[in-house]
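Heads up: the structure comes next, in structure tokens.
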Amino acid sequence: MRILADYIMRGRTQAIIVASTLALLSLKFPPISILSSATIALVTLRRGAVEGLYILFGAGIAAALLGYFAIDNFQFALLYAMLLWLPVWAISIILREGRQLSLAVEIAVFIGMLGVAGFYLFIDNPAALWTALLEQMMQQAAPLQDIKNWIGEFSHYMTGMFAAGTVFSLLFGLFLGRWWQSQLFNPGGFKQEFLLLNTSPKLAISSLIVLAVAFFATETVAEVAWNMTILLFVLYTVIGTSVLHVVFSQTPISRFAVPLFYVTLFLVPQVLPPVAVVGLIDAWLNLRKRNSNQTSA
């Protein structure tokens, strides 16, 4: 991975080639989109907003040309620029100027929440739109009658799920770009930043208020609040991951506990809610410091 980062930093042409080529490849293997976003993040973090924007536009044009000649589809480049590259560029500027990874993560989630709010403002019935899309996607996988009720329920939360997936991809791209930067110019810097991730009690209280609205409100207000809650889940899962990494690293079996923790995160989705709860309560309990004090005692 360091070899790729080093190649990206050699010049504009190299960065544009990597970002656009990986964008095209991600149409076949979506996780590669993280590498493409990380390319924009790395250049922006190291060389600033103007250079990052230059790479973004250059990669967009290159991706459109590649898409047109390779798969007869150039529109995906615009989708990439709007949903992935432009947000990761903006968040990278915030991280570069503010040097606070926690703030960058919070703003990424806030951008996702603005997207949810905008979707509900401009689309009359988001659930109906998602229902139609899901039925079209799923009718080949199972008899439509068997899954119609499930689709009807799930569609009410698809706006938040889609926004959460986009924000997760955005954050992974930012984290990878920051890690590349630390590998090249500041070894160990990203790890230190990530393990200090936290949020304020005020934001945690606001999050609980949104959750309460989701539970006790009705109809559209409740639906919007639930979709916002899904995005807050992303925030606290990331913070909870940071907290538990520190906690496990302070155990006698840290050499095995930390890798096992990350493997479990990726393979067992059921552990994500407890991790998010840890991230939420850490706003008041400061679990990393508490665990450190208990270990030293």
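Test each condition in (1) farther than 17 Å from ALA104 by Cα; (2) open to solvent by 40 Å² or more (accessible area, probe 1.4 Å); (3) at pLDDT below 95 for SER155 and report the one that comes out false.
It fails just one condition, (2).
Filter the stretch 177-191 for residues that are touching a Leu at 6+ places or on another chain (Cβ under 7 Å) and not aromatic (Phe, Trp, Tyr); which is surrounded by the most Cβ atoms within 10 Å (Cβ to Cβ)?
The extreme case among them is GLY177.
For the stretch 141-148, state whether one or more residues are free of Cβ contacts under 8 Å to residues at least 60 places away in the same chain, part of a helix (DSSP H, G or I), open to solvent by less than 80 Å² (accessible area, probe 1.4 Å) and closer than 20 Å to PHE233 by Cβ.
no
With the structure loaded, tell me whether TYR54 is more than 23 Å from LEU83 (Cβ to Cβ) and of a type in the set (Phe, Trp, Tyr) or whether it fails that test.
no
Starting from the stretch 268-289, keep only residues that are on the phi < 0 side of the Ramachandran plot, then list their pairs with residues that are surrounded by fewer than 16 Cβ atoms within 10 Å (Cβ to Cβ) whose Cβ atoms are within a distance under 6 Å, requiring at least 6 positions of separation or different chains.
Pairs found: VAL271/THR264; ALA283/PRO201; TRP284/PRO201.
Any residue in the stretch 79-91 that is more than 16 Å from the chain's Cα centre (by Cα), aliphatic (A, V, I, L, M) and more than 25 Å from LEU114 (Cβ to Cβ)?
Among the residues of the stretch 79-91, not one is more than 16 Å from the chain's Cα centre (by Cα), aliphatic (A, V, I, L, M) and more than 25 Å from LEU114 (Cβ to Cβ), which makes the answer no.
Run ALA5 past the list (1) under 18 Å from LEU176 (Cα atoms); (2) free of Cβ contacts under 8 Å to residues at least 40 places away in the same chain; (3) among the aliphatic types (A, V, I, L, M) and report the number of the one that doesn't hold.
Going through the list (1) under 18 Å from LEU176 (Cα atoms); (2) free of Cβ contacts under 8 Å to residues at least 40 places away in the same chain; (3) among the aliphatic types (A, V, I, L, M), ALA5 breaks only (2).
Kindly establish whether GLY165 is open to solvent by 20 Å² or more (accessible area, probe 1.4 Å) and either assigned to a helix (DSSP H, G or I) or at pLDDT 95 or above (or both).
Answer is yes for this residue.
Any residue in the stretch 185-199 that is modelled with pLDDT of 90 or more sitting within a Cβ distance under 9 Å of a residue that is assigned to a loop (DSSP other than H, G, I, E, B) and open to solvent by 90 Å² or more (accessible area, probe 1.4 Å)? List the pairs, counting only those 6 or more apart or interchain.
Close Cβ pairs (under 9 Å, with a partner that is assigned to a loop (DSSP other than H, G, I, E, B) and open to solvent by 90 Å² or more (accessible area, probe 1.4 Å)) amount to GLU193/ARG99; GLU193/GLN100.
The values are calculated or read from the model by the stated rules, or taken from the named source; none is laboratory data. Computed from a prediction, not measured in an experiment: that's the story for all the values here. As a convention, Cβ positions derive from the backbone with ideal geometry for all residues, glycine included, and neighbour counts pool all protein chains shown. Heads up: the accessible areas ignore ligands, DNA and RNA and are worked out on the full protein's heavy atoms, side chains in. Shrake-Rupley method; radii C 1.70, N 1.55, O 1.52, S 1.80 Å.
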